[in-house]
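Okay, structure first, notes after.
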Amino acid sequence: MIDLAEKVLKGDVRAIARAISWIENNRPEKENLIDALFPHCGNAQVWGITGPPGAGKSTLLDKIIEIERRKQKKVAVIAVDPSSPFSGGAILGDRLRMQSHATDEGVFIRSMASRGHLGGVAQATSDAIKVLDAAGFDLIAIETIGVGQTEIEVVGLSDIVLLVLVPGLGDEIQAMKAGVMEIGDIFIVNKKDRDGALKLRAEIEYVLGIQFADYPEKMKPIVMTAASMNEGIEELLTVTDDYFLKISMNRSLQDKRKTRLKSEIRQIFTQKVSAHVKQKYDFENRLDEWVDAVYKKKKRPYSLINEKINLFLRECNWL
């Protein structure tokens, strides 16, 4: 494990890939690995790139990588894909639109299966970010599945969320009202050459205008791009750099990262306690019996669980 951690810190691509596989497969060694890497984390910018399917997220990201590499920045991409119901693996595989960077040692692209996890991101994504951060990547981009409201989880993993929208998908303003608008830090109208692009921008401005009516200084930026034509990408990166500097200066970035860590520690604690209880109480073997009792109306669900918990606590001498 120590050997793997040292290789990750040196930026060894095969070691990075192996470390992320450990995380995805939930191997016991992953905990010591993450703890060894953690002191070296906190230097990368983490972007969430989200939006509806067909918005052009992968093409946009491909152009971003191209420009960032010209600046000698190392870029990593975690592309969270839907899971195969049979193998549990990512269906789409590494994004084809980004394969022009496949031989570039300064670019690391990894598809991760969502494994049915709601929120548009994989459960393992948080630890994978730590691996890439410790490995020395300057920018880590999380490209999510693109499933609408369930994308909201990406905000908890990212320093900045880029919300990519595109004209012509229909009922744009209704989709915006669904809650996804609230997670964006920078709004991108992609495929600006299409009819309806200016109308979509006006609709975004309208929704944001209502949202920030009392705090106009917090108004979020909107950028028009045409990724396939390589237009607006430089402007987008300038706006993003300015936004990152702004949130760094007013300490909202630090607050966001601390909130992220708080959520992560809570999740680790809950998972550990849950696993310990399941093992000690032989939960899975007793579950069928409980289900049968509730199904036959011999027991009521809340009464049953309260009874079993109290029994468990007495058995453990916690009551």
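It is to be established whether one or more residues within segment 176-185 are among the hydrophobic types (A, V, I, L, M, F, W, C), surrounded by 13 or more Cβ atoms within 10 Å (Cβ to Cβ) and modelled with pLDDT of 85 or more. No; the residues of segment 176-185 include none that is among the hydrophobic types (A, V, I, L, M, F, W, C), surrounded by 13 or more Cβ atoms within 10 Å (Cβ to Cβ) and modelled with pLDDT of 85 or more.
Checking E284, E235, E231 one by one, the residue that is more than 17 Å from W47 (Cβ to Cβ) and not assigned by TED's automatic domain parsing to the domain that holds L304 is E231 and no other. Checking each residue in segment 1-43 for being closer than 12 Å to G136 by Cα and among the polar types (S, T, N, Q) picks out only N43.
Taking T270 and the conditions (1) modelled with pLDDT under 95; (2) touching a Ser or Thr at 6+ places or on another chain (Cβ under 8 Å); (3) closer than 23 Å to L157 by Cα, which numbered condition does it fall short on, given that it satisfies the others? Every condition holds for T270 apart from (2). In this structure, L261 does satisfy being surrounded by fewer than 14 Cβ atoms within 10 Å (Cβ to Cβ), aliphatic (A, V, I, L, M) and assigned to a helix (DSSP H, G or I).
Residue-by-condition table, conditions (1) buried (at least 21 other Cβ atoms within 10 Å of the Cβ); (2) touching a helix residue (DSSP H, G or I) at 6+ places or on another chain (Cβ under 7 Å); (3) without any contact (Cβ under 8 Å) to a residue 12 or more places away in the chain; (4) of a type in the set (S, T, Y):
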| site | (1), (2), (3), (4) |
| --- | --- |
| L9 | no, yes, no, no |
| R18 | no, yes, no, no |
| T50 | yes, yes, no, yes |
| K57 | yes, no, no, no |
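N26 meets each of the listed conditions (1) part of a helix (DSSP H, G or I); (2) surrounded by fewer than 22 Cβ atoms within 10 Å (Cβ to Cβ) apart from (1). Y302 satisfies every condition listed in (1) within 30 Å of V166 (Cβ to Cβ); (2) in a helix (DSSP H, G or I); (3) not hydrophobic (A, V, I, L, M, F, W, C) except (1). Is it true that some residue in segment 36-45 is without any contact (Cβ under 8 Å) to a residue 60 or more places away in the chain, hydrophobic (A, V, I, L, M, F, W, C) and over 26 Å from L253 (Cα atoms)? Within segment 36-45, not a single residue is without any contact (Cβ under 8 Å) to a residue 60 or more places away in the chain, hydrophobic (A, V, I, L, M, F, W, C) and over 26 Å from L253 (Cα atoms).
Taking the options V273, V294, name whichever one is surrounded by 11 or more Cβ atoms within 10 Å (Cβ to Cβ) and either in the same structural domain as S126 (by TED's automatic domain parsing) or not in a loop (DSSP other than H, G, I, E, B) (or both).
Values: V273 fails: surrounded by 11 or more Cβ atoms within 10 Å (Cβ to Cβ).
Exactly one residue qualifies, and that residue is V294.
S263 falls short on exactly one of the conditions (1) of a type in the set (G, A, S); (2) more than 30 Å from T59 (Cα to Cα); (3) without any contact (Cβ under 8 Å) to a residue 40 or more places away in the chain, and that condition is (3).
If a residue has to be in contact with a Phe, Trp or Tyr (Cβ under 8 Å, 6 or more places away or on another chain) and part of a helix (DSSP H, G or I) to count, how many in segment 210-236 make the cut? Even if it seems obvious, please write down each step before you answer.
Step one: filter segment 210-236 for residues in contact with a Phe, Trp or Tyr (Cβ under 8 Å, 6 or more places away or on another chain), giving 218-223.
Imposing the further condition that a residue be part of a helix (DSSP H, G or I) reduces the set to 218.
Matching residues across segment 210-236 total 1.
The values are calculated or read from the model by the stated rules, or taken from the named source; none is laboratory data. Just so it is clear, the model here is predicted, and its values are computed rather than measured. Neighbour counts are summed over all protein chains in view; Cβ atoms, including those assigned to glycine, are modelled from backbone coordinates with ideal geometry.
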